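Presented below is the structure to which this report refers.
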Amino acid sequence: MSDRAYALFAEQQQQRGVNLDEVRAKLKALKIETPSWGYGDSGTRFKVFQKEGVPRNPFEKLEDAAQVHSLTGLAPSVAIHIPWDKVDDYGKLRSHAESLNLKIGAVNPNLFQDDDYMLGSVTNADPAVRRRATDHLLECVDIAKETGSRDISLWFADGTNYPGQGHIRKRKGWMQEALTEMYNALTPDMRMLIEYKCFEPAFYHTDLADWGMAYNLAQKLGPQAEVLVDTGHHLPGANIEHIVAYLLDEKRLGGFHFNSRKYADDDLIVGSVNPYELFLIFYQILSAGSDSDEGVRNNVENIAYMIDQSHNIERKIPAMLRSVLNVQTQFAKALLINHEEVDAAAARNDVLGAEDAVRRAFEFDVTPLLHSIREEQGLPLDPMKAYLESSYGNDILARGKGGASW
Ligand code: PSV
Ligand code: MN
């Protein structure tokens with residue numbers, strides 16, 4: 001892509017009233033956290049395919065994540081899942097991350113893979129199981145202190161498969177009890193991000209099934225509790241950007257787990273199925289970024305953008321590269337929306353004009369802009385090509401098969 005292509009792009013955008021300095025600054029500030037489990041072997045309930053070269057431990061997961069960051073400049077932190085990433089010395093894991101120019105990001109407690117949790121973790125009718133689950137949450141707060149992580153992301157598989165199997169209201173109380181204990185253990189700079197999901201693995205009811213339940217709980221807990229929106233966790237047809245706008249207005253949008261879905265929680269590469277949805281999510285966020293309420297603007301500044309995907313058949317590192325690049329592309333397009341133009345059309349009840357002002361931004365080719373930003377940052381213009389031409393993918397084959405699952 002030539003300087004000429006960028007010059008043409010810049011001229012076109014300036015004519016539309018887009019402030020390109022601001023666009024460039026926002027693009028350079030975009031940070032997307034990748035999940036350690038996205039580098040490991042994963043699959044469906046039918047089969048986990050084992051791949052050659054998959055990291056064998058959390059240290060190697062960080063090394064793979066460092067490739068994604070060094071080629072894109074977009075992914076400086078890595079979320080961990082405990083016990084998948086359990087190590088004897090978290091200080092050592094943190095130093096390893098730092099030596100790779102990375103940080104450890106959100107700590108994710110795992111309360112869904114132990115036989116004790118079959119009928120629930122923090123909502124189990126057995127107080128001993130609830131105690132065990134709550135202790136794991138507290139353990140994760142301690143780990144976050146050692147790794148220097150701000151966020152602890154909570155997702156519960158808790159739910160029931162049949163009417164009558166569990167007492168829904170009692171379980172609601174137990175959930176609140178456990179999270180209150182955890183909340184009280186947070187240091188003032190930490191956040192608790194509460195994730196919801198409509199179903200799976202429970203098929204009748206899920207204790208935290210939607211954003212309203214997560215929001216209600218966050219409100220009861222206090223200002224350090226916020227809602228995490230996993231884009232794959234809604235019933236078909238849900239308007240995710242509306243949920244995003246609502247939570248932002250309430251100053252409770254903690255972050256995202258980005259991925260794509262066609263049917264349920266498919267965990268496919270973000271932007272591969274519905275890039276327009278991703279663009280519209282960013283439209284809501286950018287519009288809140290200039291809100292007159294300082295609290296809303298602060299919320300926008302503190303959103304944690306994270307990937308949460310399961311690469312079942314595709315190679316892990318290129319899949320993660322594609323994911324962060326897709327997010328960057330849709331973010332760049334959303335930055336081209338002229339909000340004044342949209343608002344003016346809406347104010348004169350020009351429905352089609354308003355829709356056009358939003359959609360037009362999506363239709364621009366942002367490649368010259370992204371190339372120009374990467375050039376300025378000393379990054380390869382095409383990070384995917386650079387990775388495929390590097391020897392890294394071949395070098396890691398020496399790890400053999402049978403690496404970490406998740
Ligand atoms: C559950 O489906 C989820 O979205 C949660 O965020 C988990 O922590 C993650 O996927 C990995 O299972
Ligand atoms: Mn998730």
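The values are calculated or read from the model by the stated rules, or taken from the named source; none is laboratory data. Computed from a prediction, not measured in an experiment: that's the story for all the values here. Glycine also receives a Cβ, built like all others from the backbone with ideal geometry; neighbour counts cover every protein chain displayed. Just so you know, the surface numbers come from the protein's heavy atoms only, side chains and all, with ligands and any DNA or RNA stripped out. Shrake-Rupley method; radii C 1.70, N 1.55, O 1.52, S 1.80 Å.
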- prompt: Quick one: how many residues across the stretch 197-225 are open to solvent by 20 Å² or more (accessible area, probe 1.4 Å), within 16 Å of ligand 1 (Cβ to nearest atom) and within 20 Å of Lys251 (Cβ to Cβ)?
  reply: 3
statement: Exactly one of Asp189, Asp151 is of a type outside the set (S, T, N, Q), modelled with pLDDT of 95 or more and within 16 Å of ligand 1 (Cβ to nearest atom), and that one is Asp151
task: Could you please give the count of residues in the stretch 283-316 that are assigned to a helix (DSSP H, G or I) and crowded, with 23+ Cβ neighbours inside 10 Å?
output: 3
- request: Could you tell me which of the residues Arg45, Arg94, Arg56 is without any contact (Cβ under 8 Å) to a residue 12 or more places away in the chain, farther than 22 Å from Asp382 by Cβ and charged (D, E, K, R)?
  value: Arg45
message: List the residue pairs whose Cβ atoms are under 6 Å apart, where the first residue sits in the stretch 259-274 and is within 14 Å of ligand 1 (Cβ to nearest atom), the second is open to solvent by 60 Å² or more (accessible area, probe 1.4 Å), and the two are 6 or more positions apart or on different chains.
response: Ser260/Leu268; Ser260/Ser272; Asp265/Glu200
- prompt: Among the listed residues Ala75, Ala65, Ala5, which satisfies the condition of being out of contact with any Leu (no Cβ under 9 Å at 6 or more places or on another chain) and open to solvent by less than 60 Å² (accessible area, probe 1.4 Å)?
  reply: Ala5
- prompt: Quick one: would you say Phe256 is within 16 Å of ligand 1 (Cβ to nearest atom) and open to solvent by 10 Å² or more (accessible area, probe 1.4 Å)?
  reply: no
- prompt: Which of the residues spanning the stretch 154-168 are in contact with a Phe, Trp or Tyr (Cβ under 7 Å, 6 or more places away or on another chain), under 19 Å from Leu111 (Cα atoms) and more than 16 Å from ligand 1 (Cβ to nearest atom)?
  reply: Thr160, Asn161
- line: Among (1) free of Cβ contacts under 8 Å to residues at least 24 places away in the same chain; (2) touching a strand residue (DSSP E or B) at 6+ places or on another chain (Cβ under 6 Å), Leu154 falls short only on (1)
statement: The residue that is farthest from Leu370 (Cα to Cα), considering only those in the stretch 1-59 that are hydrophobic (A, V, I, L, M, F, W, C) and not in a helix (DSSP H, G or I), is Phe46
- request: Having 1 or more residues that are among the β-branched types (Val, Ile, Thr) and under 21 Å from Leu217 (Cα atoms) is the bar; report the strands (runs of 3 or more DSSP E) wholly within the stretch 77-177 that clear it.
  value: 103-109, 151-154
field: Residues satisfying the stated conditions in the stretch 156-183, i.e. open to solvent by 40 Å² or more (accessible area, probe 1.4 Å), within 16 Å of Val141 (Cβ to Cβ) and within 25 Å of the chain's Cα centre (by Cα)
entry: Thr180
- line: Of the residues in the stretch 196-244, those that are under 25 Å from Asn184 (Cβ atoms), part of a loop (DSSP other than H, G, I, E, B) and within 13 Å of ligand 2 (Cβ to nearest atom) number 2
- line: Of the residues in the stretch 267-281 that are surrounded by 21 or more Cβ atoms within 10 Å (Cβ to Cβ) and not aliphatic (A, V, I, L, M), the one that is nearest to Asp365 (Cα to Cα) is Phe279
- request: Please go through the stretch 39-48 and pick out each residue that is closer than 15 Å to Ile269 by Cα and either aromatic (Phe, Trp, Tyr) or touching a helix residue (DSSP H, G or I) at 6+ places or on another chain (Cβ under 6 Å) (or both).
  value: Tyr39
